[in-house]
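Asks: The structure follows.
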Amino acid sequence: MIEVKGLVKKFGIKPVLRGVNFFAQPGEFVVLLGPNGAGKTTFLRILSSLSRPTTGLVTIAGHKLPAESAAVRQNLGVVSHMPLLYGDLTAEENLRFYSRLYNINDANPRITEVFELVGLSHRKRDLVRTFSRGMQQRLAIGRAILHDPEVVLFDEPYTGLDQDASEMLDRVLRDVAAVGRTVVMTSHDLARAEELGTRFDVLNRGIIENSIQRSELAGRNLLTYYKQAIGG
Amino acid sequence: MRTNQVTAYKPSFIKSIFAITRKDISAEMRSRELLSSMLVFSMLVVLIYYFALELDIKAREAITAGALWVTFSFAGTLGLNRSMAVEKDRGCLDGLLLAPVDRSAIYFGKMISNLVFMFIVEAIVIPLYAIMYNVNLLVPGFLWITVLGSIGYVAVGTLLSAMTVQTRTRDVLLPILLFPLVIPVLIAAVKASSGFIQGLPMEEILPWMNLLIVYDVVFTAGSYMVFDNIVEE
């Protein structure tokens, strides 16, 4: 579903990604771990076609980047720590706007379904700027899956959320992944990542240094594995 | 497995443009931040001219076009900055760039909404100016020049605001980059508008009108071609 070979990204002369190789099967939930500045966000921005790779091969759902970026975007949902929503529009107007951009046929039932999934049906006519951070993040997930993408990318979705909001987000993330979507998520919240992920990759100094399936953790917790992986 | 009940077709270019314009106008009708700042600024400038310059009827006719275009161009930068800042503040520009639409549809969507806001401001300021200065501005030729000049100004302004919004100094940078580029539009619009207000023969006005039309076509086409590269990292 996602295939990355020899991905290099430089800003000026400074390399951020130094030859990343990555593969995700359909239905896999890959959690990308790594210290600040390791290149996780840059990697996700390249996967989402917001940034061009300097060199390397990136293929998503059978389409190559950057040549077939429109086709990739049709199959992709992205949630970042920013909501990507308009504060002066209601939740429903936001989703309706994105349904027009994605040209979704008969959008009303899908919008209703998404509101139910993210638990915001009762607030759909409220302005987004009146929403709490947690509600905005749930609506951002609704926006990302509105067109039923095969691949969903989450960049630090827990940033700024309290415990209750994080628990609610866990449930929504599970629902998103439960229908067979391929998910790639970056996170510093190792406890939550351990619950959700099926595979854990450690990106450090611009390359994926370690990778482990959840079944291979064998009694160790993710924090122990992560510390060993980054040499901490 | 995924039920895949959602049918999403390849988005139409025209539909995407109007979705963006409609979204901008809906959001602005609710917040009125952009229009109110442009309008208040324009009215203040017109009022300052009124008190600062004591002019007879001939002098008034001579300076009207210049005074109005200075007002529109400064008010326009406020609108252009605000229009793109709304997209940047909550990451919405990324939301637009992630949609499977041709990215030039984003440019045209933003350009049309900026043009609508510019026309609304002009539709209020021009009659106000005409009443205060007792100058007849209900001249069809003058109104056409206003439309042509606004298109050229907004075509370049939308492109540059998409560039400058990525910078920390966007409020200062936009006018610094924009005004040198729109000098041909401003000169041509002032000359042609003055010609219509003062009732000059068409032969004297036509070259300026032609310059405006050529500028509009060239800069709209150029912006269409480079917008994709400008918004991509």
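Asks: Tell me, which residue of the range A:130-177 that is among the aliphatic types (A, V, I, L, M) and more than 15 Å from the chain's Cα centre (by Cα) is nearest to the other protein chains (Cβ to nearest Cβ)?
Replies: Among those residues, the one meeting the criterion is A:Met135.
Asks: So is B:Asp24 in contact with a Ser or Thr (Cβ under 8 Å, 6 or more places away or on another chain) and within 11 Å of chain A (Cβ to nearest Cβ) or not?
Replies: Against the criterion (in contact with a Ser or Thr (Cβ under 8 Å, 6 or more places away or on another chain) and within 11 Å of chain A (Cβ to nearest Cβ)), B:Asp24 qualifies.
Asks: May I pose another question? Looking for something of a type in the set (A, V, I, L, M, F, W, C), crowded, with 17+ Cβ neighbours inside 10 Å, over 27 Å from A:Ile212 (Cβ atoms) and facing chain B (nearest Cβ under 9 Å) - is there at least one such residue anywhere in the range A:11-20?
Replies: no
Asks: A follow-up question, please. Looking at (1) under 21 Å from the mean Cα position of the chain (by Cα); (2) basic (Lys, Arg); (3) more than 14 Å from chain A (Cβ to nearest Cβ), which is the one condition that is false for B:Arg82?
Replies: (3)
Asks: Here is a check on your reading of the model: is A:Val30 in contact (Cβ under 8 Å) with a residue 40 or more places away in the chain, away from chain B (no Cβ under 13 Å) and within 22 Å of A:Leu146 (Cα to Cα)?
Replies: Yes.
Asks: Is it the case that the range A:162-183 has a residue that's crowded, with 17+ Cβ neighbours inside 10 Å, of a type outside the set (Lys, Arg) and at pLDDT 90 or above?
Replies: For the range A:162-183, residues crowded, with 17+ Cβ neighbours inside 10 Å, of a type outside the set (Lys, Arg) and at pLDDT 90 or above: present.
Asks: Considering only residues that are part of a loop (DSSP other than H, G, I, E, B) and in contact with a Lys or Arg (Cβ under 9 Å, 6 or more places away or on another chain), look in the range B:91-125 and name the one that is nearest to B:Ile17 (Cα to Cα).
Replies: So, considering only residues that are part of a loop (DSSP other than H, G, I, E, B) and in contact with a Lys or Arg (Cβ under 9 Å, 6 or more places away or on another chain), the one nearest to B:Ile17 (Cα to Cα) is B:Val101.
So that you can scan it fast, the table gives a plain yes or no per residue for (1) of a type in the set (Gly, Ala, Ser); (2) at negative phi; (3) in contact with a helix residue (DSSP H, G or I) (Cβ under 8 Å, 6 or more places away or on another chain):
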| position | (1), (2), (3) |
| --- | --- |
| A:Glu3 | no, yes, no |
| A:Arg18 | no, yes, no |
| A:Ile46 | no, yes, no |
| A:Ser49 | yes, no, yes |
| A:Leu57 | no, yes, no |
| A:Ala71 | yes, yes, no |
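Asks: Further question on the same structure: Within the range A:173-193, identify whether any single residue is out of contact with any Ser or Thr (no Cβ under 7 Å at 6 or more places or on another chain), closer than 30 Å to A:Asn21 by Cβ and among the acidic types (Asp, Glu), and answer yes or no.
Replies: Yes, because at least one residue in the range A:173-193 is out of contact with any Ser or Thr (no Cβ under 7 Å at 6 or more places or on another chain), closer than 30 Å to A:Asn21 by Cβ and among the acidic types (Asp, Glu).
Asks: Also, I was wondering about something else. For the range A:97-120, give me the residue count where each residue is surrounded by fewer than 15 Cβ atoms within 10 Å (Cβ to Cβ) and part of a helix (DSSP H, G or I).
Replies: Looking only at that region, the number is 4.
Quick grid of which residues meet (1) modelled with pLDDT of 95 or more; (2) more than 8 Å from every other protein chain (Cβ to nearest Cβ); (3) crowded, with 24+ Cβ neighbours inside 10 Å; (4) outside any strand (DSSP E or B):
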residue: A:Gly56; (1), (2), (3), (4): no, yes, no, no
residue: A:Ala67; (1), (2), (3), (4): no, yes, no, yes
residue: A:Ala70; (1), (2), (3), (4): no, no, no, yes
residue: A:Arg73; (1), (2), (3), (4): no, no, yes, yes
residue: A:Gly77; (1), (2), (3), (4): no, yes, yes, no
residue: A:Met82; (1), (2), (3), (4): no, no, no, yes
residue: A:Gly87; (1), (2), (3), (4): no, no, no, yes
residue: A:Glu93; (1), (2), (3), (4): yes, no, no, yes
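Asks: If I ask for residues that are out of contact with any strand residue (DSSP E or B) (no Cβ under 7 Å at 6 or more places or on another chain), closer than 21 Å to A:Leu173 by Cβ and not polar (S, T, N, Q), which ones from the range A:93-121 would you list?
Replies: Correct list: A:Leu95, A:Tyr98, A:Ile111, A:Glu113, A:Val114, A:Phe115, A:Glu116, A:Leu117, A:Val118, A:Gly119, A:Leu120.
Every residue, every condition in (1) surrounded by fewer than 15 Cβ atoms within 10 Å (Cβ to Cβ); (2) over 24 Å from B:Val116 (Cβ atoms); (3) touching a residue at least 60 places away in the same chain (Cβ under 8 Å), yes or no:
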position: B:Leu159; (1), (2), (3): no, no, yes
position: B:Thr167; (1), (2), (3): yes, yes, no
position: B:Val190; (1), (2), (3): no, no, yes
position: B:Phe196; (1), (2), (3): no, no, no
position: B:Met209; (1), (2), (3): no, no, yes
position: B:Asp228; (1), (2), (3): no, no, yes
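The values are calculated or read from the model by the stated rules, or taken from the named source; none is laboratory data. Just so it is clear, the structure is predicted and the values come from calculations on it, not from any experiment. When we count neighbours, we look across all protein chains shown, and the Cβ atoms used for this are built from the backbone with ideal geometry, even at glycine.
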